[in-house]
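The values are calculated or read from the model by the stated rules, or taken from the named source; none is laboratory data. Note that the coordinates shown come from a computational prediction; the quantities given were computed from them, not determined experimentally. Glycine also receives a Cβ, built like all others from the backbone with ideal geometry; neighbour counts cover every protein chain displayed. Just the protein is used for accessible areas: all its heavy atoms, side chains included, with ligands, DNA and RNA removed. Shrake-Rupley method; radii C 1.70, N 1.55, O 1.52, S 1.80 Å.
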Amino acid sequence: METGIKILVIDDEQGLRDMLSFELGQQGYAVTTASSGEEGIEKAKANEFDLIITDIKMPGIDGVTVLEEIKKINPEIEVIIMTGYGTIENVVSSLRFGVFDFINKPFNIDEMQHSVKKAVDNYQLKKKVALLNKNLIEKNTELEKAKNSLEEKVQERTKELKISEQKYRRIIDDSFDPIITLNDRTEITGWNKGAELTFGYKESDVLGKKADVLFSQKREISEKSIWEELREKKFIRNFITKALTGNNESIYINITASNIEDEGISMIIRDITQEKKIDRMKSEFVSNVSHELRTPLTSVKGAVELVLGGSEGPVSDSQRELLTIVKNNTLRLIKLISDLLDLSKIESGRIEMEIMPRNIIDIIKNTISEIKSLADQKQITLSFNSPEQLPEVCCDEDRIKQVLINIIGNAIKFTPAKKSIVISVEENKEELQINITDTGMGIAEEHVDMVFEKFKQVDSSSTRSAGGTGLGLPITKSIIEAHKGRIWVESELGKGSTFSFTLPKIIKEGVIETVKPIEKGQLKQISLKEIIQKPHFIIDKILVVDDDEDLARIIKRHLEKEKYEITIAHSGAEAVKKAIEIKPQLITLDILMKGMDGFAVAELLKQNPDTKDIPIVIVSAIFEKEKGYKLGAVDYITKPFDPDKLIASIKNIEVQIQAQMSKRKVLVVDDDPDIVMVLTISLNEKGYSVLNAYDGLQAVALAKKENPDIIVLDLMLPEIDGFEVIKMLKKDPGTAHIPIIVITARTVENGKKAVKMGANEYLIKPFSVKSMLEELDKVIKKEELGGKNYGKKNTCSR
């Protein structure tokens, strides 16, 4: 049965056009199809349609442009967009040009038919309303001419308007999206069926109640900010937050809201929970695929390096050339995979960083040293201008190096040969500003705003010749923003660009100002040259655990070159069994294994008294350092990796174990993590082995387990205070002998009370680290002399 409704379907997929033509034809619609945006626009100009259905991603012009052009032809026509690329940007652009509905591929035909019916009804209703308005004008003219029929005509129009209102009400009530009205006190006054389906409340349950019944208590954006923004702007679009259903289920919603003059607030809401889930699935898919690629790439890289290193015999010049090509392209793939993983982590909010006080000058110099070879290939001069001394910044050194490599690497790509690039640092009031200025091609003014967008290239032709995925700068921006910094670019086409970013300075006050913050390498890392000079006698037997036989064999070959005795295990169960049998001095452990994964293996090994002290180095394609360290790993190396990095890690562990055997052990107890960090750094610099506790119960447990040589104890602690800790330690024969230095922000009387209870000395906060170290040395020397004259006087200094 024909309805007389004409629909234009625009999609570059023949199968989809045919399917929609058939299914909608079955409903009585007259369907015309077009295979491109251009064809669709021409047909829309030539014919009058009741509805347009268009894809958003097509060769030539895209669906958003089609939507814009069709609205120019007929502003009132309804357009449904269908796509497999349902990004927020597409949604925003579509809404701006008046899209009626946005349907993600693949879709259920019933969903499409329902949306088509609503769109057609809406379009016809608008036409009828327009016609009614026209009739109203005509009737008003007639009323002027024939006042005697006024009452009859008014009643007629009232009836027509009532019918129109009823139609609108049916559209609102039947909408799948929640449409809610509120009064000026944000109490719910209107509630349609879409709201009932989405939130699980019937209209009678919510009428008259505050709208905060709908919002999650752990929402990302507070309810108050919605009302504040509405008061300022009178209109909100794409306000994304969390909501709470009647079943106490948390969902994500997208709100469009506006103030209705003298009537309160109107809100149109979309449930975007599924979109969020799909987005997470996309990120997880990218992450999983990237992880799967890392292991074979590690095998390829390791095998090529072994052959190039001569372990399989002499290599001819032509063989070396070909193998070098393999190695270089492997490194390119590794870089691409790393970018995809970083992007996945950023989008899912799982980016991990090790924030510590750092010297930005050293980071920049090290980065320039690493990337200088690329500049030398084009005879580009890299220069660095900076004051001799600058305040430190709290940052993740590897991430900031990644930022510098991305920006400087781009500058090298787009700077002509024999030109220059200048890196400079300047100090502002509360931050350091790093500038990278090149003399390259520059960026057109209209493209400057898009350089930090994902997958965007400001000049596709030159970018293709230079290489790149369009991910480096978006990742860079996310890293800087995670450090509470800012990043921007200033550029002039043909004259070059300056990329600048800032990092907040460390504000030092109190005890912190007396400390030189530790840099990466002082606590855990030692240079490879220094390591190689150390005597090798601790580690000789290593258990390599990896379910990839090729990679395990590659790791074995590299380690055997260093004269280590290697045993291989290809599963978690086999790893636990062999660790108990052969008692290795070290274990390299993969995480992603069938059956028992690496984390479970580490947990079992640390629970077994026979294997709990074996150092574990995690070698994995997944990046979960925090979890690995919590389970007792001493190092975490991400695949693909440089074999020298694994060897350096092993030798570093050897050195640390030797050093730990000769160190005095200090337990630092304070609930202030900054003070714990400062004291830990200072004590490590002086050669002490440091344990940390943040409450009284943890302090007592650690003292009993580790038997430290001395305890530095704050009096104000959670759980139990310092006085109770002293009492418990002195009652226990196993810990009664341990000297205690008390630190407190309380009165001198509290310090004296602690000494009476058994503490050896006390210091009043704030104190200098120098005085703490002097006091520590005094107490230890007194202990060595037999513990004479403990607690006679307080020698603390401000």
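Each Lys and Arg adds +1 at its Cβ and each Asp and Glu adds -1 at its Cβ; summed about the Cα centre, segment 663-722 shows a dipole of about 500 debye.
Ordered by solvent-accessible area of protein heavy atoms (1.4 Å probe), largest first, the residues LEU197, LEU697 come out as LEU197, LEU697. Charge dipole (Cα centre; +1 on Lys/Arg Cβ, -1 on Asp/Glu Cβ; no other charges) of segment 539-610 amounts to roughly 220 debye. In whole Å, how far is the Cα centre of segment 544-567 from that of segment 571-613? So the separation of the two Cα centres works out to 16 Å.
Modelled label positions at ASP398 and LYS117, each set 7 Å beyond Cα in the direction of Cβ, lie 5.6 nm from each other.
What the Cβ-Cβ distance of PHE22 and LEU125 gives, at R0 = 35 Å and to the nearest 0.05, is a FRET efficiency of 0.85.
By a 1.4 Å probe calculation restricted to protein chains, ARG185 has an accessible surface near 130 Å², given to the nearest 10. Ranking VAL669, GLY687, PRO584 by how far each Cα lies toward the positive end of the dipole of segment 558-696 (charges on Cβ) leaves PRO584 at the top.
Only protein heavy atoms count here; on that basis, with a 1.4 Å probe, THR437 has an accessible area of about 50 Å². Of LYS639, LYS770, LYS419, the residue with the largest accessible area leads and the full order is LYS770, LYS419, LYS639 (1.4 Å probe). Evaluate the Kirkwood expression for the hydrodynamic radius of segment 671-772, namely the inverse of the mean inverse distance over all pairs of different C-alpha atoms, and round to one decimal in Å. The answer is 13.7 Å.
In this label model, ASP110 and GLU39 are separated by 3.2 nm, measuring between points 7 Å along each Cα→Cβ vector. Placing unit charges on the Cβ atoms of the charged side chains and taking the dipole of segment 387-427 about its Cα centre, the candidate lying farthest along the positive direction among ASN406, PRO416, PRO387 is PRO416.
Between ILE278 and THR32, full extension at 0.36 nm per residue minus the direct alpha carbon distance yields a gain of 85.4 nm.
Charges were assigned to the Cβ only: +1 to each Lys and Arg, -1 to each Asp and Glu. The resulting dipole of segment 568-663 about its Cα centre is roughly 120 debye. Beyond 27 Å, the tail of the calculated P(r) for segment 570-707 holds 29 percent of the Cα pairs. In segment 1-128, taking the dipole from charged Cβ atoms about the Cα centre, the farthest positive-side position among LEU125, THR32, THR54 is held by LEU125.
On the basis of the beta-carbon distance and an R0 of 41 Å, ASN259 and ILE61 show a calculated FRET efficiency of 0.70. A simple spin-label model places pseudo-atoms 7 Å from Cα toward Cβ; at LYS770 and ASP644 they are separated by 4.1 nm. Scattering from segment 59-134 was approximated by placing one identical point on each alpha carbon and applying the Debye formula without solvent; log10 I(q)/I(0) at 0.18, 0.21, 0.27 1/Å stands at -0.78, -0.99, -1.30. If we count every other residue with Cβ under 12 angstrom of PHE49's Cβ, Lys/Arg +1 and Asp/Glu -1, where does the sum land? Result for the local shell: -1. Overall form of segment 1-126: rounded. Here a/c, set by the Cα gyration tensor axes a ≥ b ≥ c, is under 1.5.
If I stretch the segment between MET353 and LYS495 completely, what's the gain in nm (0.36 nm per residue apart, minus their alpha carbon distance), one decimal?
47.5 nm
For ILE582 and VAL315, a Förster radius of 35 Å and the Cβ-Cβ distance give a FRET efficiency of 0.50, rounded to the nearest 0.05.
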